[in-house]
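Below is one structure, written out as structure tokens, with a few remarks after it.
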Amino acid sequence: MSKKVLIVGGGIIGICSAYFLKKEGFDVTIVDKSGMNAGASYINAGYLSPGHIIPLASPGVISQGLKWMFDSSSPFYIQPRLNTAFVKWLYAFNKSCTEKNVKNSIKPIIDLSVFSQKLLDQIKSENQMSFHYEKKGLMMLCKSEKHLKKEEEVVKRAVESGLSAKMLSPQDIKLIEPNIKIDTIGAAYFKSDHHTTPGELILELKKFITENGVKCLKNTEIESFDIDRDRIKSVTVSGKSVKFDEYVLSAGTWTSEICKKLGFELLLQAGKGYSINHHKETGLTCPAILVEAKCAVTPMNGFSRFSGTMEISSINNKLRMNRVNAIADSVESFYPSIKISETERNNAGFGFRPISADGLPYIGRTNKLKNVTIATGHGMMGWSMSTGTGKIISEIISDKKTSIDIDRFNPNRKF
Ligand SMILES: Cc1cc2nc3c(=O)[nH]c(=O)nc-3n(C[C@H](O)[C@H](O)[C@H](O)COP(=O)(O)OP(=O)(O)OC[C@H]3O[C@@H](n4cnc5c(N)ncnc54)[C@H](O)[C@@H]3O)c2cc1C
């Protein structure tokens with residue numbers, strides 16, 4: 001009989017893990033407290049971007065966060081709280097904001113995101129899937145010399161690390177994006193980056209895994225865990241005790257709460273972000289990040305999506321209109337022909353990125369419980385790293401050598 005695996009959390013990471021575990025022949029169940037139809041995995045910018053080589057924990061991030069702390073429309077915000085989990089995370093995060101962390105993170109970031117792009121190509125072609133997926137690259141559009149200079153440094157590092165990237169003049173930008181006026185002085189261009197329409201991709205994957213025997217228990221929470229020494233023996237779900245051989249924790253930002261219930265700590269905070277869907281024809285064809293505003297622009301299938309804000313705060317469902325308006329206003333400032341309506345602004349969606357303490361995901365077995373594997377903490381890169389993470393999870397649980405080196409993703413690492 002095949003081994004039974006329970007995946008806790010069915011966002012993109014849980015779904016990709018289910019896809020590859022099922023392929024390995026496991027009997028897979030996903031349990032998710034939501035309807036598996038909202039949150040970060042649905043409202044994200046859709047980028048598959050190896051070009052995002054700099055982890056969130058990098059020099060200057062904390063001082064920028066402090067500067068913006070009292071600006072309610074700022075794109076990056078850390079809400080100070082007297083909460084032990086937050087204080088421990090902040091201490092570790094601050095310690096990780098070093099050049100050494102950046103240097104040691106570039107290769108693992110590129111390896112996992114490039115591996116993920118290849119796997120997504122395979123998944124699409126092997127299963128004749130039709131989700132929107134384009135390979136047009138990504139422009140980092142700047143309005144100031146200061147930011148353009150910083151982007152130039154990133155391009156240099158990206159090229160040294162084997163990615164295809166270069167700087168663009170306004171004339172070069174016009175050639176890539178000819179049908180819309182852009183107010184910019186230049187850009188960095190990461191040819192390596194791809195983009196998708198998240199809703200299409202995740203729906204097709206979800207349909208595929210359920211048709212292939214993965215059970216999805218939606219709107220369901222685990223009531224209790226029965227732990228026998230160093231293993232989870234069973235879980236209680238809907239009043240019934242059910243046994244599984246292996247457990248994967250991929251509940252995004254909520255994974256730390258589950259770890260706490262299991263008696264160990266995972267340093268993780270929620271990074272709230274917003275996105276606005278715009279349904280008027282724009283002429284946009286190439287994804288772009290508006291660097292000064294930290295806002296992402298994605299031409300999706302039938303609409304454009306504008307997303308941004310990294311609000312490291314307690315988990316809350318408030319739609320902060322000053323942040324949403326800041327995203328919309330920055331788009332209108334870079335692309336003067338785009339006008340985002342009041343209704344589109346009011347209909348903005350939001351989700352929580354699971355932010356680790358050093359900007360790298362946690363992928364691997366925990367040393368606290370023998371049959372528990374962690375898959376979270378991908379922060380701003382969860383979409384880009386999803387298929388690779390799923391494949392690695394299936395390799396770990398099958399006791400196979402992983403396709404790429406996962407040392408830097410060790411969930412037991414010390415900060
Ligand atoms: C505005 C925005 C733009 C982004 N753009 C990009 C991008 O362009 N490229 C990129 O790579 N990344 C991007 N990201 C990040 C990316 O979306 C996330 O890293 C990724 O979606 C995280 O996926 P996940 O499956 O780990 O978590 P989630 O999508 O949050 O899924 C977690 C799931 O676990 C469930 N859950 C929670 N608690 C429990 C529980 N106790 N029991 C059972 N289930 C539970 C939840 O209901 C949810 O379904 C963006 C994020 C945001 C917010």
Would you be able to say whether some residue in region 334-349 is of a type outside the set (D, E, K, R), assigned to a strand (DSSP E or B) and in contact with a helix residue (DSSP H, G or I) (Cβ under 6 Å, 6 or more places away or on another chain)? yes
Show me the strands (runs of 3 or more DSSP E) entirely contained within region 207-247 in which 2 or more residues are among the aliphatic types (A, V, I, L, M) and in contact with a strand residue (DSSP E or B) (Cβ under 9 Å, 6 or more places away or on another chain). 222-228, 231-237
For Ile182, are the conditions met, namely being touching a residue at least 12 places away in the same chain (Cβ under 8 Å) and assigned to a helix (DSSP H, G or I)? no
Residues in region 358-407 that are β-branched (Val, Ile, Thr), outside any loop (DSSP other than H, G, I, E, B) and under 23 Å from Leu56 (Cα atoms) total 6
Taking region 152-169 only, how many residues are in contact with a helix residue (DSSP H, G or I) (Cβ under 6 Å, 6 or more places away or on another chain) and polar (S, T, N, Q)? 1
List the pairs whose first member sits in region 252-266 and is modelled with pLDDT of 95 or more, whose second member is acidic (Asp, Glu) and not in a helix (DSSP H, G or I), and whose Cβ atoms are under 8 Å apart, counting only residues at least 6 apart or on separate chains? Ser256/Glu265; Cys259/Glu265
So, Val297, is that one closer than 25 Å to Asn322 by Cβ, at pLDDT 95 or above, in contact with a helix residue (DSSP H, G or I) (Cβ under 9 Å, 6 or more places away or on another chain) and buried (at least 23 other Cβ atoms within 10 Å of the Cβ) or not? yes
Assess whether Pro354 counts as being part of a loop (DSSP other than H, G, I, E, B), surrounded by 22 or more Cβ atoms within 10 Å (Cβ to Cβ) and under 20 Å from the mean Cα position of the chain (by Cα). no
Using beta carbons and a limit of 7 Å, which pairs, at least six apart or on different chains, have the first residue in region 30-45 and more than 6 Å from the ligand (Cβ to nearest atom) and the second one of a type in the set (Val, Ile, Thr) and not in a strand (DSSP E or B)? Ile30/Val214; Tyr42/Ile202
Those residues of region 255-285 that are within 14 Å of the ligand (Cβ to nearest atom) and in a loop (DSSP other than H, G, I, E, B) come to a total of 3
Which numbered condition in (1) assigned to a loop (DSSP other than H, G, I, E, B); (2) surrounded by fewer than 18 Cβ atoms within 10 Å (Cβ to Cβ) is the only one that Met167 fails? (1)
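The values are calculated or read from the model by the stated rules, or taken from the named source; none is laboratory data. Keep in mind it's a predicted model, so treat the numbers as computed, not measured. Heads up, the Cβs are rebuilt from the backbone with ideal geometry, glycines too, and the neighbour counts pull from every protein chain shown.
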